[in-house]
Every structure is written in structure tokens, then in C-alpha cells.
Amino acid sequence: MNELSNSYNPGDFEDKIYQSWIEKGYFKSKVNPAKNPYTIVIPPPNVTGVLTMGHILNNTIQDILIRYHRMNGFEACWIPGTDHASIATEAKVAKYLSDKGIDKFKIGRDKFLEYAWEWKEKYGGIIINQLKKLGASCDWDRERFTMDDGYYKAVIHAFVDLYKKGYIYRGYRLVNWCPVSKSAISDEEVYYREVEGKLYYFKYPIKGTKEFLEIATTRPETMLGDTAVAVNPKDKRYKKVVGKKVILPIVEKEIPIIEDDYVDVEFGTGVVKITPAHDPNDYIIGNKYNLEFINILNEDATLNNNVPEEYRGLDRFEAREAVIEKMKELKLLSKIENYTHKVGYSERGHVPIEPYLSEQWFMKMEELAKPAVEALKDNKVKFYPERWTKTYFHWMENIKDWCISRQLWWGHRIPVYYCDECGYYNAYEEAPEKCERCGDHHLRQDTDVLDTWSSSWLWPFAVHNWPEIDKDLKYYYPTNTLVTAPDIIFFWVARMIMAGFEFLSDIPFSRVYFTGIVRDSMGRKMSKSLGNSPDPLDVIAEYGADALRYTITRLAPLGNDIPYSNEKCELGRNFANKIWNVARFIFQNTAETPRKNLSEVELDDFDKWILSKYNKTIEKLRADIENFHFNEAASALYDFIWSEFCDWYIEISKINLYQGSDPEKETKVAVLLHILEGTLKMLHPFMPFLTEKIYQEIQGHEETIVFSAFPVKDGKFIFKKEEKNTELIQNIIYTVRNIRGENKIPPHLAVCASIVIEDKNESALIEKGLTVIKKLGKIEKLEVLTETKKTEMEAFGAGRGFELYVSLEGIVDKEKEKEKIQKEVERLSGSREALKKKLSNKSFIEKAPKEIIEKEQSRLSYLESELEKNKKNLKGE
């Protein structure tokens, strides 16, 4: 064994270890019929993305699962990749060109795409290299990009297949329009903001009368596209005017007065303007009553030629002010009220969206959704936490057709080809040479691209060679676990389940773990836009990747949000430092003693105690990881390593390592190395670099910890009796330490003490542990008695089954000692009375479970026993 350096400096070895893993191909996976596969596909981050704390959490959990299953004999395969992110990437490339004085529309589509690929090769995929700093054990040879050749073919094949089945159609419908990206966006790409706006009351003259109908609107500019006004048929105020017409102000056009239950009699005046081309509800009304649809907007949300000339070319908000001023001038503005309402914003452009009448491509979802709903009902797919299932069902059972076309250039171009000669069009996987109807060779391809999500919904199987059903796809699909964020449950998770059933008649994964959201100290979601998200690479540079991985895992209960600050990484750093130092201690103190198997040495009670605790930790750790309780697993490791192994067993082992016989030393060496090696293996999925570094220093180690067997609980090393015996010794030492602390006895000062054991059978046990009690309690002289009386200059402490007396002669003031005991008597008396009252409560006795009542009765007996002991000591008995 070589010695570890004096201090833990992760920067000295983390990058070197990762490079070694890569060079040796440890993360490569191949079809292996002798093993069961365990597969995860990474949620592909945007090719434009950089590492965030959310990525740290998500990918650490994925890596824990992959490393854990790799160590358990599975053929573990973690497939990485990136998403082309149509809107986000196009925006970045357009800005990059704009900064160079290049207008994308002037250079045209083909030249723009040349620049886009050039930009992607230069700046894209940074996040993948950053993930390697985290220790992600992906099979990098399998890395995919959603626009590489093979994946592109898969996307086009899926489109053509669905088109031929009648699921994909072209329609002229109202869509969410982003004026910044000049593209349609889906409902899921719209977020809502509460806005302090205005409600404007306009008067529309009733034709042939001097009367008016008053309407209320938050978007005055859209009145230029009104084609009706509507009232509720139950509203008696307007019965006489239904069927008549109003004159639309400014436009000077007659539009009908109609009635429909959709109108809310409580909103405004009970009369609403109907603008079918610019409001989702009005769109429905327009179709129902065959109204005219007038689109008043250009793609950039300026007003088009369908409005009076003075408003053409105005921005929508400029037009709003112009309309308000004109209505004032016409004396048709009744009033303006403050009005708080929710406004939809584009997730990409961060501006208010416009409902916009546009010809788009849609996918019918109702039939595709059915097997995906049943999959969760039948528990073929399970969500963790389970609460997200309700959200999933609500969306799936109310699903709408999916607008899959986007007015962009970067992405999968829709494979539909039009013949201008005869008007025929169809979808093809390869560009046709001529029109299959009239034979004309002049065909043009649709200019739109597919929504990014309509490529990534194929991810679990398109990362292979699908649509070819090869051995890889048969072996690795379905995948096992998906780790993702709940905010894309509709965008991605639900659609992947649909795609799995539609194209491969099977689920894409069996379990979905939804992470929480990483938040700052003020509870805000960490984001680049708020400037409250630290750069994870800076955190890794300061604390090390293992410290960050451990900390973020420890802070993340199943599916709950994570309060994070960089300072919390001290927890992981201190833990890593503790492990480093204990490994150094073990190596330094075991190097000269031959290592034996546990079966070759004689174990004492303390050896059996730590082995029992170790095996119980293995059992808990396995259950926690397999049930996605990663924070509990991290805590269990911490408690065992820091509290039980380091604070207790290491300290106990020093006695025999420094002063014991050769057989005693051999026993301690065997136990220390057995537990160190096993603990490193348990820790490896969480802290891979540190564990590999230390593992390489163990005598007879395997080539790498990466493929070492994850520990399995061994029932023959569960020692209940020795656990109980050791707990008695620990309680005695705790009591000695408490007395020392309460009486401010200096650490270097050894004390004299006596102990009375209630159960005479345990006296022999105390005698066996005498050396440990004296060493760890810093006791010079310790007598084991059957009975004694407390003297004035003794401090008293008690635990279950024993009384402890520590001489304070020349150390403390006896009056202060009496005061301390008196306070303890008062505390115990109060606790006893409260518990007696609880147990005399008829309602509690009738409702509480039997085991709870018995537990409380046992606690009452203990309190009465402790109170009696302290009263005697107060009297000096």
C-alpha cells in the first residue's frame, strides 16, 4: 500500500482518474446475453446549454443508478446526447450573425444553415464536456445529437408513418404565436404572468338607432378584427337587440349581434366582442356561427393590410394606444378600469403571445394517448413521487391535437412535397423526383420544421438504429429508469410513452423519477435570468466534484425542491476529508500487519458490533437506492462512516493497534480493511473519484472500483446481542462525557469514577469493556460496584441499567453540583407528570395503537426510575 497525501485535494486527481476511466473504456456497453441490461437515456440538454445546478442534481442521480447497477452485475448503459433545440439555437445563431452585420433573411435558408452547423460544431455540446467534470459514466461512444444523420432519418420515418396512418394533417387554425421567433408554439411553451392591466369600455352603435351596446376588452387593438358581438341568451337586458347589427367603430362595418351561452353575464357589461382570428374562445364561436375570420396581424405582431390604413405597420401595442385615442375622439370610450389578469407569454421570446390564425401541421393525439394512459393505470410505468400520476392523467384525458410545425429553419424540415402544377402533396422519406399524380418534376418541400419535442419524443429508441430493429434495440429497449424534471411531463415524458407504444408496441421505460427544483436561500428557482445560479464548474473547482455530488444528493428528498447555497458544499467537502483521513489512518496502522479474512480471526464484541452495523447499512442503502430515496441513502452512509465507524470503532481499535497482541492487531486490521473496502464500494456511486483514489491503495484490490461488486448484506454478521452489549458501553461513555462537559472538566484531566450495574449479569460485560470505557471516557480509575452511596463531591449520571459516579474532588463546586441535580429532578418531574396526564386521558387510550401505549408506559417507568435515582443523589444517599 502507498500512502495517501496528507491533505485531501480533489483537484490533484479527479481529472486524471476520469481520463483513465475513458482511456480504459470502463463506461462502454455492449450487448451481453449473459447479463441483464440496465439502461438510462439522458434527457438530452440543449446543444446551446451550459451546466446548471438542475443538471447537477439530475445527472448525479442518473450516475448513482448507473454505477450502482454496474456494480451489481448489470450491463449498464447510459446513453448521452444533446437536443438541437430549434428555437433556442436559431435565436443564438441569428444573434451571432447579427453581431457580425449579417441578416439571416438576406443570406437565405441554405447559407443560414451552413452558419448554424458551423456554430454548433464550435460552441455546441459544451455541456457534454462539463458533465465529464461531474464524473458522468456515460457510454460516450453512443453519444447522439437529434439532428445527426441516423436520428434525422428516424424522425422523418416517424412523420411519414404517422402521416400515412392519418394522424398528421394540415389545418388552418388558431395557434399560439410568438412574435419574436415568428413561429407557432405549443400550449406547453406558454407561461402565464399576472399583469396589472386595464379594462376598456367601448360603445358600439346599434344600426338604425341612437342606442349603443357597451363592450369591455383588455385588447382594444383587436376590435379592428371584430366580426360580431355576443350576449348570453339568458340575459334579459339584451333580448330586444339579438339579431340586429352594430356598426364597428373606426372600421365602419356592420357586424351581427348574436347570442351564446359562452358569454359571462357577470363580465363587464355582459356584451363581448367576437374576434375569431385572435381569441381561442372567439375562434370556437366563429366556427359555430360561420362568422368571418379576419387576421389583422403580421408575423411580427405589427398590423397588416386588413385594418384601416392609418393603423397599418403599427406595433400591436402602438396600435392599442392609437385605437384608444380614436375611440376617445369619437366619444365612444365610456371608461377605463384597472384590471388584474393573467397574460400568456412565450417561453422562448418572453413576450405576450398572440392567438394567431395560421396554417400549421397537427398531430391527432386522442388515439395515441389511450395506451399511454393504460400503461400507468396498469402500473407498467410508475412515477416517483406518485403524486405526478394525477397531473399526467388530467392532461392525457383532456389532450388536444399537437401543433407540430414551426416557422423556423434550424430543425427537421417537414418531409412534405408540393406539386404546384396540379396541387398534389404527400409525405416522403426521400425527396421524390416527380409528382406521383401528374409527373411534373417541379416539386418544392414544405418550408416549416418540426417542433423540437416531435423529434425528442422518439429518444429512447431513436438513439439506436431505429427503424431498424437490430440487436442493440432489442437488448437495451425498453430502458429502465428515466430521471427528469416534472415541468416537462407533458412536453416529453407523456409523448415518449405514446411513441413507445405507437412505434414499438412497448413502454419506453418502467420507472420515472421526477427531481425537485433547485432553489436559492430566498426560495426562488435558480436560473441564469435571475442571476442566482452558481456556475457548477466554479463549485467543483472549490470543493471537488464528489463534494458537490454528495451535497446535492443529501439535500434532495424524493421529488421535493432543494434549498441550495454553495456554503452547503462544506458538508460534502468535510465528509470527503473525513473519509480521506480515516483511510490514511487505516493504511498507516495496518501496513505492517498481514491482512486476514474475517473467518481467520477471533472477533470481540466491538468487532461484531461494527460488522453488524455495517451489514445493516448495506441493507438500508440498497433499499434506499432502489426506491429512489437517495438523500436517505446519503445520510445512512454519513451516519455509519462518521458516527459509528470513525467516532467509535476507529477509536476503540486504536487500543489494540497500539498496545494489543499480534492476534488482536490482526483482528482489528482484518475488520478495518474489510469495512473500509466495503464502505468505499457503497460510496462509489455517490463519490466516484474519492473512492477510486483510495481503493487503488488497498492491498490486493481489483483493477478498478467501477466493476467491483456492490456489498450484499451477510446475515451471519448480524450480532444482536453484541449490538446491545456495545450500546451499554457506549451509553456509559456518553454519560461520562456529559458529566465532564457539564462540569467543565478539562479534556486532558483523567477522572476517578465508579459504576453500579442493576443487572449483575452485565457486570462481566462491563469488566470486559473496562479498557474501552477508561480510554474513551478518560478515566484513570473505574470501580464496578453492586451498590454505593453518592458523596457530596461526586457528580452523578444514569442510564438504562446503570448509575455512574464521577469524583469532583478538587474539580468543581459542590453547591453548583446540587443545583444541577435539582434542575434535573424538576425536569424529570415535569416530564413524568405530563406523561401521566397523557396516559390517564381516556381518549388517548381508546384511540392510540397498542404499541404506542406500551411505549409510553415504558417511558413512564424509565422517568420514575431516573427521578428516584436523582432524588437520592440530591439527598446524598
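The values are calculated or read from the model by the stated rules, or taken from the named source; none is laboratory data. Just so it is clear, the model here is predicted, and its values are computed rather than measured. Don't worry about glycine lacking a Cβ; one is built from the backbone with ideal geometry, like all the others, and counts go over all protein chains shown. The accessibility values were calculated without ligands, DNA or RNA, using every heavy atom of the protein model including side chains. Shrake-Rupley method; radii C 1.70, N 1.55, O 1.52, S 1.80 Å.
In region 262-398, Cα pairs under 8 Å separated by at least six residues give a relative contact order of 15 percent.
The reciprocal of the average 1/r between distinct C-alpha atoms defines the Kirkwood hydrodynamic radius, which for region 797-877 equals 14.4 Å. In region 452-537, a dipole from Cβ-located charges (positive for Lys and Arg, negative for Asp and Glu) runs towards its positive end, and of Tyr476, Ser505, Leu530 it is Leu530 whose Cα lies farthest in that direction. Between Asn46 and Asp83, the built amide H atoms are under 5 Å apart, and every one of these is 5 or more places off in sequence or on another chain. The H on the amide N of Ile779, modeled in the peptide plane, is under 5 Å from the matching H of Val751, each at least 5 residues off or on a different chain.
Suppose every K and R has +1 on its Cβ and every D and E has -1 on its Cβ; what is the size of the dipole of region 1-122 about the Cα centre, in Debye to the nearest 20?
My answer is approximately 380 debye.
For region 739-877, go through all pairs of different Cα atoms, get the mean of 1/r, take its inverse, and jot down that Kirkwood value in Å.
Details: mean 1/r = 0.0596 Å⁻¹.
With all distinct Cα pairs of region 739-877 included, I get 16.8 Å.
Using Cα-only point scatterers and the Debye equation, what is log10 of I(q)/I(0) for region 660-809 at each q in 0.11, 0.17, 0.19, 0.21 Å⁻¹, rounded to two decimals? So the normalised log intensities work out to -0.62, -0.96, -1.06, -1.19. The packing ranking, built from the mean of other Cβ atoms within 10 Å per residue, places the peptides 607-619, 846-858 in the order 607-619, 846-858, highest first. The string of couplings for region 233-242 from the Karplus curve (6.51, -1.76, 1.60, θ = phi - 60°) is x, 8, 7, 5, 4, 10, 4, 6, 9, 4 Hz, one whole number per residue in order, with x for Gly and Pro. Here's the picture: charge each Lys and Arg Cβ at +1 and each Asp and Glu Cβ at -1 in region 1-110, and of Ala88, Gln62, Leu4 the one pushed furthest to the positive end of that dipole is Ala88.
Probe radius 1.4 Å, ligands and nucleic acids left out: which of Ser643, Ser358 has the largest accessible area, and how do the rest follow? Show your work: numbers first, answer last.
Working: Ser643 50, Ser358 15 Å².
Of Ser643, Ser358, the descending order of accessible area is Ser643, Ser358.
Measuring from each cysteine beta-carbon in the chain, the ones with no other cysteine beta-carbon under 4.7 angstrom are Cys77, Cys138, Cys178, Cys403, Cys569, Cys646, Cys752.
Only Cα pairs under 8 Å and at least 6 apart count here; give the relative contact order of region 399-466 as a rounded whole percent. So the answer I get is 38 percent.
For the chain, the relative contact order is 13 percent, taking Cα pairs closer than 8 Å that sit 6 or more residues apart in sequence and dividing their mean separation by the residue count.
At 4 °C and 1.567 mPa s, grab the translational diffusion coefficient of region 526-608 from Stokes-Einstein with a Kirkwood Rh over Cα pairs, rounded to a whole number in µm² per second.
Numbers: Rh = 16.1 Å.
Using the Kirkwood radius from Cα pairs, D works out to 80 µm²/s.
Against the longest principal axis of the chain, how steep is helix 569-590, in degrees 0 to 90 to the nearest 10, with axes from Cα atoms? The helix 569-590 is inclined about 40 degrees to the chain.
Summary of the geometry: region 246-269 and region 71-110, compared by the centres of their Cα atoms, lie 47 Å apart.
Please report, in whole Å³, the volume per residue of the convex hull around the C-alpha atoms of region 81-216.
On the way: hull volume 36.5 nm³, N = 136.
Spelled out: Cα convex hull of region 81-216, divided by residues, is 269 Å³.
The string of couplings for region 706-713 from the Karplus curve (6.51, -1.76, 1.60, θ = phi - 60°) is 3, 9, 5, 6, 5, x, 10, 4 Hz, one whole number per residue in order, with x for Gly and Pro. Placing unit charges on each Cβ (+1 for Lys and Arg, -1 for Asp and Glu) gives the chain a dipole about its Cα centre, and among Asn465, Ile757, Val229 the Cα reaching farthest toward its positive end belongs to Ile757.
Counting only protein heavy atoms and a 1.4 Å probe, the chain has 46 square angstrom of accessible area per residue.
Remark: region 532-580 projects, on average over all directions, an area of 3.5 nm² (convex hull of Cα atoms). What separates the Cα centres of region 474-540 and region 588-645 is a distance of 33 Å.
Less than 5 angstrom separates the built amide H of Phe212 from those of Ile206, all sequence-distant by 5 or more or on a different chain. Remark: region 9-18, residue by residue, has Karplus-estimated 3J(HN,Hα) of 10, x, x, 6, 9, 4, 5, 5, 5, 4 Hz, where x stands for each Gly or Pro and the curve is 6.51 cos²θ - 1.76 cosθ + 1.60 at θ = phi - 60°.
Between the Cα long axis of helix 86-99 and the first principal axis of the chain there is an angle of about 80°, rounded to the nearest 10.
Measure up Lys207/Lys326; Lys578/Lys668; Lys681/Lys724; Lys613/Lys823 against 24 Å on the Cα-Cα distance and list the ones that go over. Walk me through the numbers before you get to the answer.
On the way: Lys207/Lys326 20 Å; Lys578/Lys668 20 Å; Lys681/Lys724 27 Å; Lys613/Lys823 36 Å.
Violating the 24 Å Cα-Cα cut-off are Lys681/Lys724; Lys613/Lys823.
Shape descriptor for region 241-361: Rg over Rh equals 0.95 (Cα atoms; Rh from the Kirkwood inverse mean 1/r). The heavy atoms of Leu199 offer some 10 square angstrom of accessible surface to a 1.4 angstrom probe. Of interest is the spacing of the C-alpha centroids, which for region 161-224 and region 647-726 amounts to 68 Å.
Principal-axis analysis of the Cα atoms of the chain puts helix 605-626 at an angle of about 10° to the longest axis. Pairs over the 31 Å Cα-Cα cut-off, from the set Lys616/Lys842; Lys133/Lys525; Lys210/Lys236; Lys106/Lys132; Lys182/Lys382; Lys288/Lys364: Lys616/Lys842; Lys106/Lys132; Lys182/Lys382.
Note on Glu318 and Glu758: the extension gain reaches 149.4 nm, defined as 0.36 nm multiplied by sequence separation minus the Cα-Cα distance.
The magnitude of the dipole of region 472-594, with charges of +1 and -1 set on the Cβ of Lys/Arg and Asp/Glu and taken from the Cα centre, is near 200 debye.
For the chain, how big is the tail of P(r) above 44 Å, as a whole percent of Cα pairs? Before the final figure, lay out the partial values.
Values: 192153 of 384126 pairs.
That tail contains 50 percent of the Cα-Cα pairs.
With +1 on the Cβ of every Lys and Arg and -1 on the Cβ of every Asp and Glu, and nothing else charged, how large is the dipole of the chain about its Cα centre, in debye rounded to the nearest 20?
1880 debye
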